1. What's the number of the condition residue 88 fails, among (1) of a type outside the set (A, V, I, L, M, F, W, C); (2) at pLDDT 90 or above; (3) closer than 29 Å to residue 8 by Cα?
2. Residue by residue through the stretch 137-150, note down the ones that are loosely packed, with under 15 Cβ neighbours inside 10 Å, in contact with a strand residue (DSSP E or B) (Cβ under 7 Å, 6 or more places away or on another chain) and more than 11 Å from residue 92 (Cα to Cα).
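The values are calculated or read from the model by the stated rules, or taken from the named source; none is laboratory data. If you're wondering where the values come from, they're calculated on a predicted model, not measured in any experiment. Note that we place each Cβ from the backbone using ideal geometry, even for glycine, and neighbour counts take in every protein chain shown.
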Amino acid sequence: MTKQARLFAIKEIIATKQIGSQDGLRRELKKRGCSVTQATLSRDMKELGVSRIVSTAGGHYAMQAPVEVQALRPLVNAEVLAIDANEGLIVVHTLPGCANTVGEFIDVQKHPDVIGTVAGDNTLLIIPGSQRRTKHVLQFLKNKLIEGQE
């Protein structure tokens, strides 16, 4: 496996699974046919900007948001007007022309319970991974978009 393919696999694994250790990540890579040493994996993770996030559910690895995204946070917070949800979908209402920017901001967060976003001009549809996780995603969005929390 080439380095680029390995880096892509690392990003994909971290985006789709909650990996709590480098050894766990090495096992996942091995399943994909990539044997890697701990030292190489550590360098790859540093290059990709992977960091360990600790929450009440335990710790796991995640991609750090680029510095540009952090700089956009105040702008994105100002663009959001309201967030509505039903049992399975979430809609973010934005200022005219701002839904794409807010959608990109959400996408780069790589939240494991968000399948994707679809942006119009002033409306953004967020699709949670399951109905039972909708409330969790809704709280995440309120924290990020309205309250501006990390």
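1. With respect to (1) of a type outside the set (A, V, I, L, M, F, W, C); (2) at pLDDT 90 or above; (3) closer than 29 Å to residue 8 by Cα, residue 88 is out only on (3).
2. Within the stretch 137-150, no residue meets the criteria.
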